[in-house]
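Trainee: Okay, here's the structure, questions in a sec.
The values are calculated or read from the model by the stated rules, or taken from the named source; none is laboratory data. It should be emphasised that the depicted structure is a prediction, and the values quoted were computed from it without experimental measurement. Virtual Cβ from ideal backbone geometry, glycine too; neighbours counted across all protein chains shown. Protein only, heavy atoms only, side chains kept; ligands, DNA and RNA dropped before computing areas. Shrake-Rupley method; radii C 1.70, N 1.55, O 1.52, S 1.80 Å.
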Amino acid sequence: MALTTEDKRRLEDKAHELRTLCVDTIVWAGSGHVGGSMSAMDIMTILYHKYMRIDPKNPAMPDRDRFILSKGHVGVGYAPVLADLGYFDKELLKEYNHTGSPLGMHLDSRKVTGVEASTGSLGHGLAIGLGMALGARLQGRDWKTYVLLGDGECDEGEVWESAMAAAHFKATNLVTIVDRNKCMIDGPTEEVMALEPFADKWRAFGFEVVEADGHDFDSLAAALDTAAAAREKPVVIIANTIKGCGIDFISGDYKWHYGGFDGEKTAKAKESLARFHAARASGEKGTAK
Amino acid sequence: MSGMTFTMLDAAKMSTAEIYGQTLCDLGDEHPEIVGLSADLAKSTKIGVFGDKFPGRFFNVGIAEQNMFGMAAGMAKTGLVPYVSTFAIFTSMRALDQVHTDICYQNLDVKMIATHAGLSFGQAGTTHHCTEDIAIMRSMANMTVIVPADGIETAHAVRAAYDRKGPVYIRINRGFDQVVYDKPDYGFQIGKAVTLHEGSDLTIIACGATVWRALEAAKMLEKVDGLKVRVLNMHTIKPIDVEAVERAVKETRRVITVEDHSTIGGLGSAVAEVAASTGKAFSFKRLGVPDCFSIIGLHEDLLAHYGIDENGIAASVREMMGKDFEADDNWEDEV
Ligand SMILES: Cc1ncc(C[n+]2csc(CCOP(=O)(O)OP(=O)(O)O)c2C)c(N)n1
């Protein structure tokens, strides 16, 4: 279903709020995986605020949709999404990374309400998600499982083992999304370990591939609608994103996989996020991503 | 130390992994058959400096640890000597089948320098804490397991690993370690514990991050309680220094092990295996992470939380010294 203008505005506002809260959380935590949080934020926003069937007041609701952050290192981007929805007290974000806090760099499903799997070791999420999707099907439930992968993460063999199995078992209730920000820790993905032709690889493994602009809600919505209609093959959405999206002095720079902000950088980051939001709201194409 | 291109003063300003990277560069100059491998953690583990110096001899395989250890096995078969670096948890668990079957089974010359071990990546949580690797790695036949106490000892271990036949696992921490050795030539030898503090009341056997803390505890106990505590740096867990453990049991009759690792299967277990075979009665305690997944937090804080910092170790020593177990038993042969 195409987004209304109002929907789109609401999602953009929410994504802006969450990016800002993520910057704050990184400051409270001392440092964090900022690049991959910013590239994934619009994807998490549209899932949690438009597509997923959830009830933060009833987090164990049996028929909830499941989300698995397979690129678990961006807990510092995910925790604000959950806190903002009321899965847990927002004040807890101020203790992110502090000794004894339930919130560490990689979120623990046994400590953080709303988190479905304790990820952080890359490559695990698609297998767990496939298991959940098959669990739903076997029990005749209609909820969906969404798995968000990093592109560097797709170097892991386990991702492809799961992909082969997802196609084999025709897991059309599983929605795989790749945050294709083209960066990993040691450099650009194509320089460290080339993934291209990436879409062809997924196709060869039996997936229907939908490419989307991971920072355009219309584009993401169209892709998620295609996934919802899948009947034969599982769908993977390759969301083309920008690492550090919204913060101009880090955006596209693989060196900002992980980092911290001093007072000056925090202010600059927030100014940049405000500019990014304003440009996006005014419908400018190719804005200051 | 021969071949060392940095001074002790430089070393004080380098993280343990940086010392490793520099040492590997020096070794690379001496031995053209050394190659380096990492899995998108070249920067984090500091093997990247070897890659910068010898780009043709360095392979970043992307985030694919199993492939990396398999490749290292293949390279070793052709006569190369691969040094392989990723986080300890991914070395010992993600790629364990490859380490076991491709490397240890074939007794290949692959040197695994595993970083961010124990609770040293404290804020990252259980997916990155690594408190099971000593247990796992020492159970692999053919494997040598070394847990250096500081940066200089890491430099020794990385060099010694080259000269030692077969697979070697060296476990180091994230970031900076407290300095245990203020001079490089203290006689590092694989399989030989280093006595850092003499004593006859009790022996603390430590490895890695807990060595400095055990030493501090011993100094404090001497000053405050008048206790004479022996401190052994058991940097090699396998092969363990049997003689040093036997002497500790026979001469001090009280032994405490301390490690940044689970109390199951690691240094404590390795010491217990030897100590229990001495046929002597002795009082024994293993300090470490008590069969649980750790809380998150700073490394320092976590060591304190599990009683494996200076104060925690000292408290355990006092507790053991306070036990009047000698009356119950025949301790006449005590030295
Ligand atoms: C199995 C495993 N190997 C290595 C790491 C260390 N690591 C954390 S993030 C990262 C890079 C991830 O790149 P990508 O998946 O592209 O994520 P993004 O760029 O979206 O942050 C690496 C290698 C890990 N967490 N798990």
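Trainee: If residue B:292 satisfies all but one of (1) surrounded by 18 or more Cβ atoms within 10 Å (Cβ to Cβ); (2) within 14 Å of chain A (Cβ to nearest Cβ); (3) not aromatic (Phe, Trp, Tyr), what's the number of the condition it fails?
Mentor: (1)
Trainee: Within region A:98-213, considering only helices (runs of 4 or more DSSP H) that don't extend past its boundaries, which have at least 2 residues that are within 11 Å of the ligand (Cβ to nearest atom) and at pLDDT 95 or above?
Mentor: Once the helices (runs of 4 or more DSSP H) in region A:98-213 are filtered for at least 2 residues that are within 11 Å of the ligand (Cβ to nearest atom) and at pLDDT 95 or above, what remains is A:157-168, A:189-192.
Trainee: Look through region A:268-289, keep the residues that are small (Gly, Ala, Ser) and in contact with a Phe, Trp or Tyr (Cβ under 9 Å, 6 or more places away or on another chain), and return whichever of them is surrounded by the most Cβ atoms within 10 Å (Cβ to Cβ). Steps first, answer last, please.
Mentor: Of region A:268-289, the ones small (Gly, Ala, Ser) are A:269, A:272, A:274, A:278-279, A:281-283, A:286, A:288.
With the extra rule that they be in contact with a Phe, Trp or Tyr (Cβ under 9 Å, 6 or more places away or on another chain), the set shrinks to A:269, A:272, A:288.
Values: A:269: 26, A:272: 20, A:288: 17.
Of everything passing the filter in region A:268-289, A:269 is surrounded by the most Cβ atoms within 10 Å (Cβ to Cβ).
Trainee: Would you confirm whether or not region B:249-262 contains a residue that is open to solvent by 30 Å² or more (accessible area, probe 1.4 Å) and either under 18 Å from the mean Cα position of the chain (by Cα) or free of Cβ contacts under 8 Å to residues at least 12 places away in the same chain (or both)?
Mentor: Checked against the condition, which is being open to solvent by 30 Å² or more (accessible area, probe 1.4 Å) and either under 18 Å from the mean Cα position of the chain (by Cα) or free of Cβ contacts under 8 Å to residues at least 12 places away in the same chain (or both), region B:249-262 yields no hits at all.
Trainee: For residue B:157, indicate whether it is part of a helix (DSSP H, G or I) and in contact with a Lys or Arg (Cβ under 7 Å, 6 or more places away or on another chain).
Mentor: no
Trainee: Any chance you could count how many residues in region A:17-28 are more than 16 Å from the ligand (Cβ to nearest atom) and under 15 Å from the mean Cα position of the chain (by Cα)?
Mentor: 1
Trainee: Could I ask something else about it? Spot the failing condition for residue A:157; the list is (1) touching a helix residue (DSSP H, G or I) at 6+ places or on another chain (Cβ under 7 Å); (2) more than 14 Å from chain B (Cβ to nearest Cβ); (3) open to solvent by 30 Å² or more (accessible area, probe 1.4 Å), and only one is missed.
Mentor: Here residue A:157 meets the rest and fails (2).
Trainee: Taking the criterion of being over 23 Å from residue A:27 (Cα atoms) and in a helix (DSSP H, G or I), would at least one residue in region A:240-252 satisfy it?
Mentor: For region A:240-252, residues over 23 Å from residue A:27 (Cα atoms) and in a helix (DSSP H, G or I): absent.
Trainee: Within region B:61-96, which residues are within 11 Å of chain A (Cβ to nearest Cβ) and open to solvent by 30 Å² or more (accessible area, probe 1.4 Å)?
Mentor: B:66, B:67, B:93, B:94 - these are the residues of region B:61-96 that are within 11 Å of chain A (Cβ to nearest Cβ) and open to solvent by 30 Å² or more (accessible area, probe 1.4 Å).
Trainee: So residue A:108 ticks every box in (1) open to solvent by 50 Å² or more (accessible area, probe 1.4 Å); (2) of a type in the set (D, E, K, R); (3) within 14 Å of chain B (Cβ to nearest Cβ) but one. Which box is left unticked?
Mentor: (1)
Trainee: Then there's this: Output the number of the condition that residue B:114 fails; it satisfies all remaining conditions of (1) more than 18 Å from residue B:162 (Cα to Cα); (2) surrounded by fewer than 24 Cβ atoms within 10 Å (Cβ to Cβ); (3) within 16 Å of the ligand (Cβ to nearest atom).
Mentor: Tallying (1) more than 18 Å from residue B:162 (Cα to Cα); (2) surrounded by fewer than 24 Cβ atoms within 10 Å (Cβ to Cβ); (3) within 16 Å of the ligand (Cβ to nearest atom), residue B:114 fails exactly one: (1).
Trainee: Suppose the filter is within 16 Å of the ligand (Cβ to nearest atom) and over 21 Å from residue A:259 (Cβ atoms); does residue A:31 pass it?
Mentor: For residue A:31, the condition - within 16 Å of the ligand (Cβ to nearest atom) and over 21 Å from residue A:259 (Cβ atoms) - is not met.
Trainee: Listed residues B:162, B:181; which is open to solvent by 10 Å² or more (accessible area, probe 1.4 Å), modelled with pLDDT of 95 or more, more than 28 Å from residue B:246 (Cα to Cα) and away from chain A (no Cβ under 14 Å)?
Mentor: B:162
Trainee: Please indicate, with yes or no, whether at least one residue in region A:57-72 is in a helix (DSSP H, G or I) and buried (at least 20 other Cβ atoms within 10 Å of the Cβ).
Mentor: yes
Trainee: Hey, among B:34, B:47, B:89, which residue is away from the ligand (no atom under 16 Å from the Cβ), under 24 Å from residue B:143 (Cα atoms) and touching a residue at least 40 places away in the same chain (Cβ under 8 Å)?
Mentor: On the way: B:47 fails: away from the ligand (no atom under 16 Å from the Cβ); B:89 fails: away from the ligand (no atom under 16 Å from the Cβ).
Exactly one of B:34, B:47, B:89 is away from the ligand (no atom under 16 Å from the Cβ), under 24 Å from residue B:143 (Cα atoms) and touching a residue at least 40 places away in the same chain (Cβ under 8 Å), namely B:34.
Trainee: Taking the stated definitions as given, is residue B:276 farther than 25 Å from residue B:119 by Cα and open to solvent by 20 Å² or more (accessible area, probe 1.4 Å)?
Mentor: Working: farther than 25 Å from residue B:119 by Cα: yes; open to solvent by 20 Å² or more (accessible area, probe 1.4 Å): yes.
So residue B:276 fits the description; yes.
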